[in-house]
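Reviewing the structure listed below.
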Amino acid sequence: MNESKLLPGLLVNPAELEKLFDRLWPICRSITGDGLRESLHILSEVQPMRMHEIPSGSRVFDWEVPKEWNIREAWIKGPDGKMVCDFRENNLHVVNYSSPIKARLPLSALKAHLHSIPSMPEAIPYLTTYYKENWGFCLRDNVKQSLPEGEYEVFIDTELKAGSMSYGEIFLPGRLQDEILFSTYVCHPSMANNELSGPLAAIFLAREIAAIPERKYSYRFVFLPETIGAIALLHRLGTHFKEHLKAGYVLTCCGDRGDITYKHSKRGDSLADRAALNLLEKGQLAHRGIPFAVGGSDERQYCSPGFNLPVGSIMRTPYQQFAEYHTSADNKDFISFDQLQETIRVCLGICQILELNESYQNSVAFCEPQLGKRGLYPSSVDPKFDRENLHRLLHFLAFADGNTDVISIANHRNDCALQYADIVKQCREAGLI
Amino acid sequence: MNESKLLPGLLVNPAELEKLFDRLWPICRSITGDGLRESLHILSEVQPMRMHEIPSGSRVFDWEVPKEWNIREAWIKGPDGKMVCDFRENNLHVVNYSSPIKARLPLSALKAHLHSIPSMPEAIPYLTTYYKENWGFCLRDNVKQSLPEGEYEVFIDTELKAGSMSYGEIFLPGRLQDEILFSTYVCHPSMANNELSGPLAAIFLAREIAAIPERKYSYRFVFLPETIGAIALLHRLGTHFKEHLKAGYVLTCCGDRGDITYKHSKRGDSLADRAALNLLEKGQLAHRGIPFAVGGSDERQYCSPGFNLPVGSIMRTPYQQFAEYHTSADNKDFISFDQLQETIRVCLGICQILELNESYQNSVAFCEPQLGKRGLYPSSVDPKFDRENLHRLLHFLAFADGNTDVISIANHRNDCALQYADIVKQCREAGLI
Amino acid sequence: MNESKLLPGLLVNPAELEKLFDRLWPICRSITGDGLRESLHILSEVQPMRMHEIPSGSRVFDWEVPKEWNIREAWIKGPDGKMVCDFRENNLHVVNYSSPIKARLPLSALKAHLHSIPSMPEAIPYLTTYYKENWGFCLRDNVKQSLPEGEYEVFIDTELKAGSMSYGEIFLPGRLQDEILFSTYVCHPSMANNELSGPLAAIFLAREIAAIPERKYSYRFVFLPETIGAIALLHRLGTHFKEHLKAGYVLTCCGDRGDITYKHSKRGDSLADRAALNLLEKGQLAHRGIPFAVGGSDERQYCSPGFNLPVGSIMRTPYQQFAEYHTSADNKDFISFDQLQETIRVCLGICQILELNESYQNSVAFCEPQLGKRGLYPSSVDPKFDRENLHRLLHFLAFADGNTDVISIANHRNDCALQYADIVKQCREAGLI
């Protein structure tokens, strides 16, 4: 972890993050159902949220909202009647969205429904079957390998019914209708980095943003079921977003011990990208930038050709680049609440850049303003004289031509835009912009 | 030699190339005359060709078609009456386009007409005097150095007469009037890499293209005398080319053992360049790219300011970068018919990219299409599951906005465009584009 | 020092530079006053100059021309009545623009007005107080540290009065109204690199330019007080410059032993930048390029947002990168008149590129011109045959499409534009452009 001195302080601390994590952890979430609803209600205690329910069968672009899924019980008993695998022990044991079943069958037939990871014999994999009716169990490979021949009893007490798909939304109005989006997904059962880290970061970031007294932008936070939730959101707001969404970020896998990863929007040089990379690069935060790619999450929907919105993604170690991904090994030990807090600081820093960023116009324009008569030219014999800051002020005035935004001006000098916050304030007070 | 698995198979094999090479090798070609005509007729056995004859004295832009040159005999006899140098032994012995002469003269006077390469004493140089009447002999430097004083007899039985300049042309129509050009030159006498390799590659490539059942583009292959032939062609077709030529390539020096060299068109980023470099770079073929430069061949005419056509050049070792260039050492041993075949494969691969390349439009556009219901989303538990290919499909759909061509889409993912051939087919069949 | 063979010869030699340096050195210059006037008159002996006088109190954009300052005497006497520090010994001893004072005061009170550099105990610093009335002395730190307690007598006999600010201007008309500017500043007292080097380079460069028989561009040389002088100049000519200034250079710190430094204009790719960098890079002169930055000189005014003129800066070691900067150690020993002469050669070379640079149009355009019939195609058997130069000619004709200037054409071939001077002449004589 490397903290940039430029990053803002926060209201939230690691202990508060951990406390909420512990409440959300055991719940069995999916892309629909009561586990999802309960999770949204717990999150909404931090910052009030509007709940949406989209009826099963609703058409959203090329997709249809699936039936609602709920689960009560799921287990396998061995030939000796003992429990082999029980949903109550770990909610990854059942393939998410499994159809109900109650049957007795020999090991050979059962095996087609058992999933494990031979290379990680202690880990339970996470599998789903949202759009194809099926059933199955996931278990540790060493358990699977030791199963004796014989007849097994399987029981999955789930329900697939006409119901609805839930998602949560926080909208924090600003001076402008133009808005900034943070999108995260809440459909994953008990896994920590992917994906309790995103919802935790987003909900506390929302509280930080709500505390900013005068916002320029409006901010929208959405807590969605992955893919189908983002598609439903775009079905409702896509046209609005095309006009008003100025920058957006998908928050995912952001609590592990790796450095920040910034994945570009499909445009590659959108405001979302420029603000994030100015902070990460010029703020000298350890990070890496990666191009847009379809191996990802809901940025695939936001950046689809019909929308092509300025939405990137903020992560630490990307999905599929950590072995624990989509297994029971992605647990509380795998993440760090200090890292998660730092992710929130990075997001808040990006928002501060977005708030600051304008194409200001130097009102003098013809030659330099005489700073001395405005008290802005420090004496070089003053022991507190800061030539660096004087140059930054002159640099800002030299480039503030009404067509060049603060991010560009800062980049030209290898500065972080946040280093111009006081300068913009001084210039505004002196009537220079 | 490194064969990319992406490159297409061919009808032609090295033995067939060698057989035609052996027939063309002994003929004394020039920029006009019967040797040129005979060569074109032999080439046309592989793929029918339209023959053009441009009368001597025709004005073509700033140039004039020269008199037609033919040669029967040329030799020098020494003071002892023995043959010193005989055209029948090697047709490089006479300076190409030499005027006729029959004279006796002392060694000192003869020497002004004798050319050799002191640094390559065993090689006969290749020299021409197309646009300035003159005569001369080329010989091995060790022969030249050993000539005794005395009177020599020289005889050059050539004829320069009002006749015509020949060139051959193959036109293979496609669905579009837009066309692809391959241009090579057939004016060099007995040299192998420069230049029997180009005509051999072009004629067999023409046969491969003729075998493609449904061509989008029309294809034109021209077999020209260098410079004056290209100028005459442009005089006839320059206006048509400005509208319809989408990509063109000069084929030259493409049979030696070096890697492929791609020389850019003057524009530097034309479709010709983009298609060739996508194949070479992303197909991971050993190659190097060089910028447009005037030290070259007929791309100088195609890229002249008034035309500036999208014409690059495909070579192996460029002219003047191999010592054997323009000498008798550029012989059959210097080239490899396997390499020559591989050059044809590269050219055919480029054509396949050009055929495939379009700016397709994803018909769903708003969010991702649901691939599952179209049978395009493989199950991740399927042992044949290929995540790479799934991502390539999603990548294609994400970028297929109607303004981005397949080459751009492939480049963005570091892919060769040929890897999208099946994807484009699948998407078309599924009604997605 | 590395002399490019491409650089032009000069009229001036190092001895002449040194002679003028010696006359200018002792004069106490400031941004106004008689020292400045005297310096301008000495400079004008080399090349006649128009003198401007701007009355004190004149408004120039956001600034006001200050009162005129003149100095007769300034000293400190110690408790023993002996001279501690005397303006007559070194004119840096008094803070430039000090108000008059005559007083007796104890060391403790005096110290607030004494300035030295602890890290350079033998050097007298250079300080100014143009826009804030104050007084002070600058002295060697080892002298300052050895001052005994007691009462000191200080006397500064200066005058701040309504007068005028002077600057000098040389205008050399060319065929076009479009012009090239060289700007340097003459307000610094006895320091060599910063800043007698700039005025010396500029005045002798003016004489060189005046000697060019047929100039395309008009040339303007200005010898200004820094900042306020440039602002006054822009107040007079800014609107004219926006239309007619095609390239400009601030000359400063150009006599030390470092390599040439080229600082870009704010635009970064203006004609000024392109001409200078083509010479430095392709002419293979040791140099470095640095981006525009506000830590600098009058380019800050020329490049301010309202003007954004194509003005860069030519230096050797930049201000603040040599320890001697703004101290008495920046003396005659610190500079080299050979280096200063070389700087003038570089400037003249840049002017030659600007004079040569046009977007010529090849009048043949369609295919290559036949050079042979124009006597421009050398015979390859000629022992003086220069293939490099033939290719350069063909390259020029290939790119001369009426939209590409000589600098671009030269850059494309890694050539210095000066290598095209003869080619442009040949082509013009042959009617090819």
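Where a number appears in this text, it was derived from the coordinates with a stated rule and is not lab data. Bear in mind the structure is a predicted one, so any value in this text is a computation, not a measurement. Note that we place each Cβ from the backbone using ideal geometry, even for glycine, and neighbour counts take in every protein chain shown.
Give the value in nm², to one decimal: projected area of the alpha carbon convex hull of the range B:372-429, averaged over all directions. If you can, show how the numbers build up before the last one.
Numbers: hull surface 16.9 nm².
Mean projected area of the Cα convex hull: 4.2 nm².
Using the Karplus equation 6.51 cos²θ - 1.76 cosθ + 1.60 (θ = phi - 60°), what ³J(HN,Hα) coupling, rounded to whole Hz, does each residue of the range A:117-130 give in order, writing x for Gly and Pro?
Result, rounded to whole Hz: 10, x, 6, 10, x, 9, 9, 8, x, 10, 10, 9, 9, 4.
Run down the lysines and flag those whose C-alpha is under 26 Å from the C-alpha of B:LYS132, throwing out any fewer than 8 positions away in its chain.
Partners within reach: B:LYS67, B:LYS77, B:LYS102, B:LYS111, B:LYS144, B:LYS161, C:LYS373, C:LYS384, C:LYS425.
With only Lys, Arg, Asp and Glu charged, each at its Cβ (+1 for the first two, -1 for the last two), find how big the charge dipole of the range C:372-429 is about the Cα centre; round to the nearest 20 debye.
Details: 8 positive and 8 negative charges, 37 e Å.
Charge dipole of the range C:372-429: 180 debye, to the nearest 20.
Can you bin the protein assembly as shown into rounded, prolate or oblate? Criterion: square roots of the alpha carbon gyration tensor eigenvalues sorted a ≥ b ≥ c, rounded for a/c under 1.5, prolate for a/b above b/c, oblate for the rest.
On the way: a/c = 2.54, a/b = 1.00, b/c = 2.54.
Oblate is the answer for the protein assembly as shown, as a/c is 1.5 or above yet b/c matches or exceeds a/b.
Take the alpha carbon gyration tensor of the range B:91-138, find the square roots of its eigenvalues, order them as a ≥ b ≥ c, and report rounded if a/c is under 1.5; if not, report prolate when a/b exceeds b/c, else oblate. Don't skip to the end; give the middle numbers.
Values: a/c = 2.14, a/b = 1.18, b/c = 1.82.
Oblate is the answer for the range B:91-138, as a/c is 1.5 or above yet b/c matches or exceeds a/b.
Please work out how much length the chain gains when fully extended from A:PHE171 to A:ASP422, using 0.36 nm per residue of separation minus the C-alpha to C-alpha distance, in nm with one decimal. Don't jump to the answer; show the numbers that get you there.
Working: separation 251, 0.36 × 251 = 90.36 nm, distance 2.84 nm.
Result: 87.5 nm gained on full extension.
For C:CYS253, C:CYS138, which order do you get if you count the other beta carbons within 10 Å of each Cβ and list the fewest first?
On the way: C:CYS253 28, C:CYS138 25.
Ascending Cβ contact count within 10 Å gives the list C:CYS138, C:CYS253.
I want the antiparallel fraction of DSSP beta bridges within the protein assembly as shown, as a percent rounded to 5.
Working: 111 of 180 bridges.
Roughly 60 percent of the DSSP beta bridges within the protein assembly as shown come out antiparallel.
Report the relative contact order of the range B:372-429, percent, no decimals, based on alpha-carbon pairs under 8 angstrom and at least 6 residues apart. Intermediate results must be reported in sequence, preceding the final value.
Working: 20 pairs, mean separation 11.4, N = 58.
Here the relative contact order equals 20 percent.
In degrees from 0 to 90, rounded to the nearest 10, what is the angle of the helix C:14-24 Cα long axis to the longest principal axis of chain C?
Computed tilt is about 30 degrees.
Have a look at C:VAL424, C:LEU181, C:SER99 and report the one farthest towards the positive end of the charge dipole of chain C, computed about the Cα centre with Cβ charges (Lys/Arg +1, Asp/Glu -1).
C:VAL424
Which residue, B:ASP86, B:ASP386, B:ASP256, has the most motion in a Gaussian network model of chain B that connects Cα atoms within less than 10 Å?
With Cα springs under 10 Å in chain B, the top fluctuation among B:ASP86, B:ASP386, B:ASP256 is at B:ASP386.
Taking H as built 1.01 Å from N, whose amide H comes closer than 5 Å to the amide H of B:VAL95, not counting residues under 5 places away?
B:GLY136, B:PHE137, B:CYS138
Counting Lys +1, Arg +1, Asp -1, Glu -1, what net charge surrounds B:ASP22 among other residues with beta carbon under 14 Å of its beta carbon? Spell out each step's value before the answer.
Numbers: positive: B:LYS19, B:ARG23, B:LYS332; negative: B:GLU16, B:GLU18, B:GLU45, B:ASP333.
Net of charged neighbours comes to -1.
Does anyone have the angle between helix B:34-43 and the longest principal axis of chain B? Alpha-carbon axes, 0 to 90°, nearest 10?
The helix B:34-43 is inclined about 30 degrees to chain B.
Would you tally the net charge around A:PHE155, using a Cβ to Cβ cut-off of less than 9 Å, leaving A:PHE155 out, and scoring K and R as +1, D and E as -1? Walk me through the numbers before you get to the answer.
Working: positive: A:LYS77, A:LYS102; negative: A:GLU73, A:GLU153, A:ASP157.
Computed value for this residue: -1.
Could you quickly flag the chain C residue whose beta carbon comes closest to the rotation axis taking C to B, and that distance in whole angstrom?
C:ASP269, 11
How far apart, in nm, are two points set 7 Å out from the Cα along the Cα-to-Cβ line at C:MET83 and at B:ARG72?
10.8 nm
Residue by residue, what Karplus-based ³J(HN,Hα) values in Hz, rounded to whole numbers, does the range A:179-192 have, using 6.51, -1.76 and 1.60 with θ = phi - 60° and x for Gly and Pro?
After applying 6.51 cos²θ - 1.76 cosθ + 1.60, I find 9, 10, 10, 10, 10, 9, 10, 10, 9, 8, x, 4, 9, 8 Hz.
If the reach is capped at under 20 angstrom between alpha carbons, list the aspartates and glutamates near B:LYS282, excluding any in the same chain fewer than eight residues apart.
B:GLU3, B:ASP259, B:ASP269, B:ASP273, B:GLU342, B:GLU355, B:GLU358, B:ASP386, B:GLU388, B:ASP405, B:ASP415, B:ASP422
When the helices in chain B are scored as -39500 (n - 2.57) per DSSP H run of 4 or longer and the sum is shared across all residues, what 222 nm value do you end up with, to the nearest 500 deg cm²/dmol?
Numbers: 12 runs with 121 residues, N = 433.
The per-residue figure over chain B is -8000 deg cm²/dmol.
Given points 7 Å out from each Cα along the Cα-Cβ axis, report the B:SER99 to B:ASP22 separation in nanometres with one decimal.
The modelled label-to-label distance comes out at 4.2 nm.
From the phi of every residue in the range C:248-253, what ³J(HN,Hα) in whole Hz does the Karplus formula 6.51 cos²θ - 1.76 cosθ + 1.60 yield, where θ is phi - 60° and glycine or proline is x?
With coefficients 6.51, -1.76 and 1.60, one gets x, 9, 8, 9, 7, 6 Hz.
Which one of C:TYR97, C:TYR302, C:TYR360 has the biggest mean-square fluctuation once chain C is modelled by GNM with Cα springs under 10 Å?
It is C:TYR360.
Would you mind counting up the charge near B:GLY289? Only other residues with Cβ under 15 Å from its Cβ, with Lys and Arg at +1 and Asp and Glu at -1. It would help to have the intermediate numbers written out before the result.
Details: positive: B:LYS263, B:LYS266, B:ARG267, B:ARG274, B:LYS282, B:ARG288, B:ARG316; negative: B:ASP259, B:ASP269, B:ASP273, B:GLU281, B:GLU299.
Surrounding charge for B:GLY289 is +2.
Considering only C:GLY375, C:GLY78, C:GLY258, give the residue with the highest GNM mean-square fluctuation for chain C, with springs between Cα atoms whenever their separation is below 10 Å.
It is C:GLY375.
Label C:ASN389 and C:GLU45 with points 7 Å out from Cα along Cα→Cβ: what is the distance between them in nm?
For the pair C:ASN389/C:GLU45, the computed spacing is 4.4 nm.
May I ask for the angle, rounded to the nearest 10°, between helix B:337-356 and the longest principal axis of chain B, with both axes built from Cα atoms and the value confined to 0 to 90°?
That works out to roughly 40 degrees.
Taking every DSSP beta bridge with both residues inside chain C, roughly what % is antiparallel (nearest 5)?
Numbers: 37 of 60 bridges.
So the antiparallel bridges amount to about 60 percent of the total.
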